[in-house]
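**Student:** Let me begin by handing over the structure; questions about it come next.
The values are calculated or read from the model by the stated rules, or taken from the named source; none is laboratory data. Treat the numbers as computed from the prediction; the structure is a model and nothing was measured. Positions of Cβ are generated from backbone atoms using ideal geometry, with glycine treated the same way; all protein chains shown enter the neighbour counts.
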Amino acid sequence: MKSLYLYCLFVLYIPFLLQAKSKFGDYYLGFGLDFIEAEDTTSYEGEGLSLFVNSLASDQADFHFIFDYGTLDGSSSKETVWNLGADYIYHLDNFSGVDGMIRPYVGFGIGYLDDSAGLSLADDGFSWNLQIGTELLLTEEISLAFGGKFFGLWSDFAETDFELGVDFVWWINDVHGVSLGYNHGLDGGIDVIGLKYLYSWR
């Protein structure tokens, strides 16, 4: 009887998954606050501002443009870090269908990093990144994305780092949404918690 009850709940749940609003394949912009903590040779903590735009590149791909700026306070200095980038994200919809619950993705991007403390990468300059992850559409309004990003400098391919992240997204309606994310840099030891507002104009 219990298994029949669970099966009925699952069947009723499917229509919500098929209509779920994804963070991919849509037009939206957003901004938010980041809370940063870095543990390297010196401890830093601070806040940052994040601005981003997501736009369709095709039916299965997005362009994602970002600008991040942060200030960090250390024991003996105050540092700034900013990053400007553009990413191409390809969502693998054939994995579970266009309206499936699981939406894996891969991507790559380019950017420019200015990090006065040298926390993320040792030098400033033009950067590259490779991304992989998946989004889980939990309900019509809520999704959870897990991903990893391998990135480095064009001027020195030995200067790299790997970042893991998780992002919880709640679309309040078709226009407005909020997200809460956490990222951790494995080599730099940088932890970032971000709270963001999303605005979809389509």
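**Student:** May I ask you to say which residue of 155, 120, 143 is within 17 Å of residue 26 (Cβ to Cβ) and either touching a strand residue (DSSP E or B) at 6+ places or on another chain (Cβ under 6 Å) or part of a loop (DSSP other than H, G, I, E, B) (or both)?
**Tutor:** So the residue among 155, 120, 143 that is within 17 Å of residue 26 (Cβ to Cβ) and either touching a strand residue (DSSP E or B) at 6+ places or on another chain (Cβ under 6 Å) or part of a loop (DSSP other than H, G, I, E, B) (or both) is 143.
**Student:** Here are the criteria: (1) touching a Lys or Arg at 6+ places or on another chain (Cβ under 8 Å); (2) at pLDDT below 95. Tell me which single one residue 165 does not satisfy.
**Tutor:** The one condition residue 165 does not meet is (2).
**Student:** Then there's this: Can you name the condition, by its number, that residue 144 falls short on among (1) more than 19 Å from the chain's Cα centre (by Cα); (2) more than 24 Å from residue 73 (Cα to Cα); (3) loosely packed, with under 15 Cβ neighbours inside 10 Å?
**Tutor:** (1)
**Student:** Let me ask something else. Just one of the numbered conditions (1) within 25 Å of residue 175 (Cα to Cα); (2) surrounded by fewer than 18 Cβ atoms within 10 Å (Cβ to Cβ); (3) at pLDDT 75 or above is not true of residue 25; which one?
**Tutor:** (2)
**Student:** Here's something else I'd like to know. Here is a list of conditions, (1) crowded, with 18+ Cβ neighbours inside 10 Å; (2) farther than 20 Å from residue 104 by Cβ; (3) of a type outside the set (Phe, Trp, Tyr); (4) at pLDDT 90 or above, and residue 55 meets all of them except one; can you say which number that is?
**Tutor:** Tallying (1) crowded, with 18+ Cβ neighbours inside 10 Å; (2) farther than 20 Å from residue 104 by Cβ; (3) of a type outside the set (Phe, Trp, Tyr); (4) at pLDDT 90 or above, residue 55 fails exactly one: (1).
**Student:** Quick test of your reading of the structure: residue 158 fulfils all but one of (1) at pLDDT below 95; (2) touching an Asp or Glu at 6+ places or on another chain (Cβ under 8 Å); (3) closer than 22 Å to residue 39 by Cα; (4) small (Gly, Ala, Ser). Name the failing condition by number.
**Tutor:** Every condition holds for residue 158 apart from (2).
**Student:** Is at least one residue of the range 120-140 under 23 Å from residue 47 (Cα atoms), aliphatic (A, V, I, L, M), surrounded by fewer than 18 Cβ atoms within 10 Å (Cβ to Cβ) and without any contact (Cβ under 8 Å) to a residue 40 or more places away in the chain?
**Tutor:** Yes: the range 120-140 contains one or more residues that are under 23 Å from residue 47 (Cα atoms), aliphatic (A, V, I, L, M), surrounded by fewer than 18 Cβ atoms within 10 Å (Cβ to Cβ) and without any contact (Cβ under 8 Å) to a residue 40 or more places away in the chain.
**Student:** Only residues that are assigned to a loop (DSSP other than H, G, I, E, B) and either exposed (fewer than 15 other Cβ atoms within 10 Å of the Cβ) or of a type in the set (A, V, I, L, M, F, W, C) (or both): list them for the range 161-188, please.
**Tutor:** Answer for the range 161-188, where residues must be assigned to a loop (DSSP other than H, G, I, E, B) and either exposed (fewer than 15 other Cβ atoms within 10 Å of the Cβ) or of a type in the set (A, V, I, L, M, F, W, C) (or both): 172, 173, 174, 175, 186, 187.
**Student:** Could you pull out the residue among 32, 70 that is at pLDDT 95 or above, part of a strand (DSSP E or B), out of contact with any helix residue (DSSP H, G or I) (no Cβ under 6 Å at 6 or more places or on another chain) and surrounded by 18 or more Cβ atoms within 10 Å (Cβ to Cβ)?
**Tutor:** 32
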